[in-house]
Each structure stands twice: as C-alpha cells, then as structure tokens.
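Novice: For reference, the structure I am asking about is given below.
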Amino acid sequence: MHNFLLLLSVLIFSLQVKANRYDDIIHQMLLIKKHSPSFVNIVSIGKNDQDQNILALKIEFPIQKNKVDQLVVAAHHGNESLSVPVSLEFAGQVLQIFKNTEHPFHSSFKNKRFHIIPALNISGINNNRREEYDIEGISHDPNRDYPDACNKTKKNFKLKSTSLLTRYIYNNNIVSAATVHGYIGTLTFPWGMFTKNTHTHDHQTYLNISQFAVKANSYQIGTHADQIYPAEGSFEDYMYLEFGIWTVLLEIDHNPNISKDAHSLIRYFYASPNTRSKQHQHTANCKSIRKNYTPMSRP
Ligand SMILES: [Zn+2]
C-alpha cells in the first residue's frame, strides 16, 4: 500500500510541473518498476532544497535474506547528463542477472541489494548546470560539499541533497558505492584529496577490483588524485574516509558505450568485498599548497 501511494504521489508530482528532464527520468524509473514489479521499488531519499523528492530505485531479489547493500549515484553534476542512462542501464543489467539463473553472477547478486539514484542534482539536470542551488538560491558544487580530511575548516553540506544522500547511506548500511561522472574515461578510487600519499591502506584491493571492473570498458584505473586531479570535499573520498565504504568514481568517456560502462559497474559490485573496510583512515600528511585549483572548470 505504501509503495502504491508513493507511486501515485510521484505521478501527481510529474503532472504538476512542466515537462523537464527529471520528469523523463522518473518516467523511465516507473517503466523499470512496471517491467519487474517483484524486484523493484521506488523510494525517496528525501526532499532537496527545491522541495523535490530525490528518487532511488531499490532493486533486490525477493525473499532472500542477509543482503549486502550497494549504491550507485549519478549526476552529482547536472551537465554530465549521460551519467543518468548509465545508472538506468545498470539497473536493467542487474534485473537481467536476477532473472537469469544461468548467469555466472546470479548467485552472488541474489545476496545484494542495489540502491540506484539516477540524478542527485535535480536542478542541475533540468538546466544542464554543473552546480546545484541551495534553499536561498546560491549555487554550490555538490561534489565539493562533503567533509574532507585535508581541509577541516571548510563548510560542508550546504546542499540538502548531499546531506540526504549521506543519511541514506548511513541508514541503509551501504557497503560499496559507485558515483558516475563524465567525461574522461577512467575508473578511480581514493584518495583524491590534497594528500602527500595518494594510496590508501586498501590500495591493492582497490587495484584488484578496478582491474576486474574495467575489463568491460578498458578505462584507465588509479587513484582520483593521480588519474584525474586532486579535489576537496568529494563524495568518492568522503564515503570511504567516513564509513569505510568501497567507493569508486566512474568517469565515462566523451563518446561512452553506455552498456559497457554499466557492465563495468556490474563487475565492480561483483568483485567488491561484502564488508566495509576497517582501515579507511587517512594517515598521511596533507599538501598545504594547492596549485592550479580551479574546481569549477573541471569535470
Ligand atoms: Zn562531474
């Protein structure tokens, strides 16, 4: 009954606002649920600064107990809109594995529950903007809005979306996560902060999982800081730093193969450990000088 009411409110919500990209995304989420109703639920992680529900697909094998929770979040940056179809295609591929008892990942995936947020930054997606507006209409970069071990004085969670996502991850005991951006063609892992040692204590595990994942799309792997550039306050560092969640950043290519990119996430979640890291602290020294730091102009 609860799910029915939520779906109804989602439908009413879609009719009330003029057509926009997030409406299309909701429509596609509803289609995914319609085709696989026994595996899929649509939940809200809460209302953002514009009072809009940020929706997630929750996909799991019925009846099975003791599941390991995994999360995919796309469109922290609203101008990286191709991250959205990667997350929806990922949902479709998970469902295919659930329905195919012959699939080599079937028995492993039956024990996993997937939480997929196709677009965190709703105003950004609707306006093709990297940043997101807070409740006062001030623009912020959502992927610089999390606490950072190398800048403890910065102000965090200026946006409701980032604090809601963090609370959702905490409440649902997420073990592994992937965040989807564009458009570089890499799969990277912590650290990405301004640190003198970019390797975590789990560096070898991260390398092993990532090597297995990119057999799908042949992307470059490494730490965020080494493969892309250092950044402070990112989701991908914070979730590992704070909770020990295995977290990767998928930067899809300029001309992405959506199916292969989604499949790389399938392989990532198949290979990632079933428990959180217990050695996720940042113990190296931080870099004090941040040269060429222009986050707004970068992916
Ligand atoms: Zn981005």
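Novice: Hey, what's the stretch 183-222 come to in accessible area per residue, 1.4 Å probe, Å²?
Specialist: Averaged over the residues of the stretch 183-222, the accessible area is 40 Å².
Novice: Oh, and also: Identify all lysines with a Cα-Cα distance to Lys158 below 16 Å; exclude those on the same chain that are fewer than 8 residues away in sequence.
Specialist: Lys47
Novice: Right, next: At 222 nm, what value in deg cm²/dmol follows for the chain if DSSP H runs of at least 4 each add -39500 (n - 2.57) and the sum is divided by all its residues, to the nearest 500?
Specialist: Estimated from H runs of four or more residues: -10500 deg cm²/dmol.
Novice: Another question, if that's okay. If one computes the Cα centroid of the stretch 34-98 and of the stretch 236-291, what distance in Å separates the two points?
Specialist: If we compute the Cα centre of each part, the gap is 18 Å.
Novice: On to the next question. Please list, in order, the residues from the stretch 42-83 whose amide nitrogen is less than 13 Å from a point placed 7 Å along the Cα→Cβ vector of Lys99.
Specialist: none
Novice: Can you bin every Cα-Cα distance in the chain into 10 Å intervals starting at zero and give me the percent of pairs per bin, rounded to whole numbers?
Specialist: All Cα pairs considered, the percentages come to 6, 30, 38, 21, 5, 0.
Novice: On average, how much accessible surface per residue is there in the stretch 24-162, in Å², for a 1.4 Å probe, leaving out ligands, DNA and RNA?
Specialist: Accessible surface, normalised per residue, equals 40 Å².
Novice: Given springs between every Cα pair under 10 Å in a Gaussian network model of the chain, which of Gln96, Gln64, Gln211 has the largest fluctuation?
Specialist: Of Gln96, Gln64, Gln211, the most mobile in the Gaussian network model is Gln64.
Novice: Tell me, what % of the accessible area of the chain is carbon and sulfur with a 1.4 angstrom probe?
Specialist: It is 50 percent, rounded to a whole number.
Novice: What ranking, highest mean first, results for peptides 28-37, 238-247 when packing means the other Cβ atoms within 10 Å averaged over each residue?
Specialist: 238-247, 28-37
The values are calculated or read from the model by the stated rules, or taken from the named source; none is laboratory data. This is a predicted model, so every value here is computed, not measured. Glycine gets a Cβ as well: all are built from the backbone with ideal geometry, and neighbour counts include every protein chain shown. Remember, those area values only see protein heavy atoms, side chains included, never the ligands or the DNA or RNA. Shrake-Rupley method; radii C 1.70, N 1.55, O 1.52, S 1.80 Å.
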